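One structure is given here, and the rest of the page talks about it.
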Amino acid sequence: MSVSVSTNDLALKLLLAAVPEAAKALSVDSVADQLSQLDLDGQHAEGTNAVAHLLAAKYNSELAGTTDAEQAEVSQWMTMSARHGPVERQTFAQTLNTHLAQRTFLVGNRLSLADLVAFANVHPYMTSLTA
């Protein structure tokens, strides 16, 4: 069981920190210029969202949502995050800000894959802003 995490894949680095039992159970390698990949129990996944879902299913299924509605919403936020590349991060950051104005987490009342992936997406943009 191994996971190869792209050097610029902050979302999976955050997920492995949030689920230490996964980091302990897996052989974790850092790779440059490649998609993150996971081989787990005979299953193979490539890309941040696919790897994140498979890790959550194995080690902490609540991160993917506990109801069908939450799972759909987590998937929605992860897809939106992936669709907003570097040029559109300001727009996505504004969308997050509006959504989070009255809540702590993107989906439900606990940390989810949506929070980790969205944070990883906007973090480079937010740290580039000057005060």
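The values are calculated or read from the model by the stated rules, or taken from the named source; none is laboratory data. All of these numbers come straight from a predicted model, not from anything done at the bench. Heads up, the Cβs are rebuilt from the backbone with ideal geometry, glycines too, and the neighbour counts pull from every protein chain shown. Each accessible area value is taken on the protein alone, full model and side chains, heavy atoms only, with ligands, DNA and RNA left out. Shrake-Rupley method; radii C 1.70, N 1.55, O 1.52, S 1.80 Å.
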Any pair with Cβ under 7 angstrom, 6 or more apart, that starts in the stretch 2-30 at a residue that is part of a strand (DSSP E or B) and ends at one that is open to solvent by 60 Å² or more (accessible area, probe 1.4 Å) and of a type in the set (A, V, I, L, M): Val3/Val28; Val5/Val28; Ser6/Leu35; Ser27/Met1
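Residues are listed down the side, and each one gets a yes or a no for (1) at pLDDT below 95; (2) over 13 Å from the mean Cα position of the chain (by Cα); (3) open to solvent by 50 Å² or more (accessible area, probe 1.4 Å):
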| position | (1), (2), (3) |
| --- | --- |
| Val3 | yes, yes, no |
| Thr7 | yes, yes, yes |
| Leu10 | yes, no, yes |
| Pro20 | yes, yes, yes |
| Asp29 | yes, yes, yes |
| Gln34 | yes, yes, yes |
| Asp41 | yes, yes, yes |
| His53 | no, no, yes |
| Ala56 | no, no, no |
The condition of being out of contact with any Phe, Trp or Tyr (no Cβ under 7 Å at 6 or more places or on another chain), open to solvent by less than 20 Å² (accessible area, probe 1.4 Å), modelled with pLDDT under 95 and not hydrophobic (A, V, I, L, M, F, W, C) holds, among Gly85, Gly65, Gly47, only for Gly47
Taking the stretch 88-131 as the search range and keeping residues that are among the charged types (D, E, K, R) and closer than 21 Å to Asn49 by Cβ, which one is surrounded by the most Cβ atoms within 10 Å (Cβ to Cβ)? Asp115
